[in-house]
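Bear in mind these aren't lab numbers, they're just calculated from the coordinates by the rules spelled out. This one's a predicted model, so the numbers in the text were calculated from it and none came from an experiment. Using ideal geometry, Cβ is built from the backbone for each residue, glycine included, and neighbour counts are taken over all protein chains shown.
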Amino acid sequence: MSDLLLNADPAREPLQPSFSDEANPVGLDGVEFIEYATAKPQALGHVLEMTGFRPVARHRSREVTLYRQGGLNVVVNAHPADGHGSTLPDTPQISAIALRVRDARAAYRYVLDRGAWEVPTHPEAMELNIPAIHGAGGSRIYFVDRWKEFSIYDVDFVPIPSVDRQPPAVAGVHFFGIVQYIGLGRTYDWVEFYGELFGMTLIPDEERFGIMPAGKLLRAPAIDPRNRFMIQLIEPEPDTAEGDDREQLQRIGLGVPDVLAAVQALRGLGLEFVESGAAHSGLRGAITKTYMGGALFELVHDEVPR
């Protein structure tokens with residue numbers, strides 16, 4: 001974890017001129033992949049397929065599978081040695097987010113110089129060394145600068161035979177953002193963390209998206225405006241905080257141009273949505289039921305670019 005979350009303002013270094021530009025200090029250009037850790041990869045894979053993803057490749061030496069639809073990549077990691085201890089959780093957990101950056105090494109050095117905590121990496125022979133720092137709840141934030149003609153998957157993964165490596169997105173699904181649960185009274189710390197390291201900015205409270213409007217929204221900069229994404233920070237309610245103060249990446253937000261059309265298409269694949277007085281599918285958004293105790297997705301009306 002960064003010392004930005006531990007030290008008061010006077011103890012923090014002032015923001016220095018960035019190597020790219022002031023608004024986008026690490027050259028962010030969207031998200032390359034989201035990673036889940038689970039001891040039940042087949043069950044999670046079934047949930048992902050109901051959400052429109054398809055398995056397209058497997059890791060050369062680890063129990064890791066790459067799922068994809070359109071420009072979205074989700075990695076299912078069932079390899080216990082990959083920073084998850086000796087026992088993987090049955091309940092799926094979002095264990096990492098990989099950020100696309102202009103220069104991974106420069107971005108990594110930039111955030112370390114500002115207090116981020118590095119994650120030691122131990123790539124095996126013929127594997128890429130992808131730099132990472134610690135994120136919420138023991139998760140990792142990776143930096144990737146290979147995603148165009150040559151990608152990280154060309155080295156570490158083997159395509160699944162006879163499978164379309166670029167399956168189209170269902171109903172225009174694209175990455176919108178990620179919801180992060182934080183500890184009580186920790187909003188300011190996390191706003192500083194994402195702002196200082198990545199140039200993310202707070203969105204005014206009156207500008208809301210979807211049907212789950214709690215917390216604070218941060219917008220990430222991007223070289224291409226179509227690749228911007230959001231991070232939603234949600235504190236526990238004060239009267240329920242005791243025993244529920246965990247910090248974690250909780251769910252993925254999927255942008256769609258037509259929420260109701262997307263709900264209908266995904267229901268056709270078997271995905272179920274919450275329909276209650278508190279939350280129900282509408283023009284602004286929808287949320288799926290929770291599968292396996294931890295896998296759920298939120299649909300948000302979003303017309304790209306944003």
Open item on the list: Given points 7 Å out from each Cα along the Cα-Cβ axis, report the LEU128 to HIS46 separation in nanometres with one decimal.
Closed with: 3.2 nm
TODO: Could you work out the Kirkwood radius for region 28-176, taking every pair of different alpha carbons, averaging 1/r and inverting it, reported in Å?
DONE: 15.9 Å
Task: J(HN,Hα) series, region 191-204, from Karplus relation 6.51 cos²θ - 1.76 cosθ + 1.60, nearest Hz, glycine and proline x - done: 4, 5, 4, 6, x, 5, 7, 10, x, 6, 10, 5, 8, x
TODO: Subtract the Cα-Cα distance of ASP90 and ALA278 from 0.36 nm times their separation in residues, and report this length gain in nm to one decimal.
DONE: 64.9 nm
Open item on the list: Could you compute Rg(Cα) / (2.2 N^0.38 Å) for region 207-306, with N its residue count?
Closed with: 1.16
Task: Cubic angstrom per residue, convex hull over Cα atoms of the chain - done: 140 Å³
Task: Within the chain, helix-based [θ] at 222 nm, where runs of 4 or more DSSP H residues each add -39,500 (n - 2.57), nearest 500 - done: -4500 deg cm²/dmol
TODO: State the answer as a single residue: which of LEU66, GLN93, HIS301 lies farthest towards the positive end of the charge dipole of the chain, with beta carbon charges of +1 for Lys and Arg and -1 for Asp and Glu, about the Cα centre.
DONE: LEU66
Task: FRET E, pair ILE234, LEU269, Förster distance 25 Å, beta-carbon r, rounded to 0.05 - done: 0.35
Task: Nearest-0.05 FRET efficiency for ARG165 and ARG226, computed from C-beta distance (R0 22 Å) - done: 0.50
TODO: Taking the Cα centre of region 170-301 as origin, sum charge times position over the Cβ atoms of Lys and Arg (+1) and Asp and Glu (-1), and report the length of that vector in debye to the nearest 20.
DONE: 620 debye
Open item on the list: For the pair GLU63/LEU184, report the inter-label distance in nm, with labels modelled 7 Å from Cα in the Cβ direction.
Closed with: 3.8 nm
TODO: Place +1 on the Cβ of every Lys and Arg and -1 on the Cβ of every Asp and Glu in region 212-270, take the dipole about the Cα centre, and give the residue among PRO221, PRO236, GLY253 whose Cα lies farthest towards its positive end.
DONE: PRO221
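Give the relative contact order (percent, whole number) for the chain; include only Cα pairs under 8 Å separated by 6+ residues.
21 percent
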Task: Cα-centred dipole magnitude for the chain, charges only on beta-carbon of K, R (+1) and D, E (-1), debye, nearest 20 - done: 920 debye
Open item on the list: Can you give me the convex hull volume of the Cα atoms of region 105-189, divided per residue and expressed in Å³?
Closed with: 169 Å³
TODO: Mind checking the full-extension length gain between ASP21 and ASP103? Use 0.36 nm per residue of separation minus the Cα-Cα distance, one decimal, nm.
DONE: 28.2 nm
Task: Under-5 Å amide H pairs with GLY210, H placed in peptide plane, nonlocal only - done: HIS301
Task: Among beta bridges that DSSP assigns inside region 170-301, antiparallel share in %, nearest 5 - done: 65 percent
Open item on the list: If I build a Gaussian network model for the chain, linking alpha-carbon pairs within less than 10 angstrom, which residue out of ARG114, ARG208, ARG219 has the largest mean-square fluctuation?
Closed with: ARG208
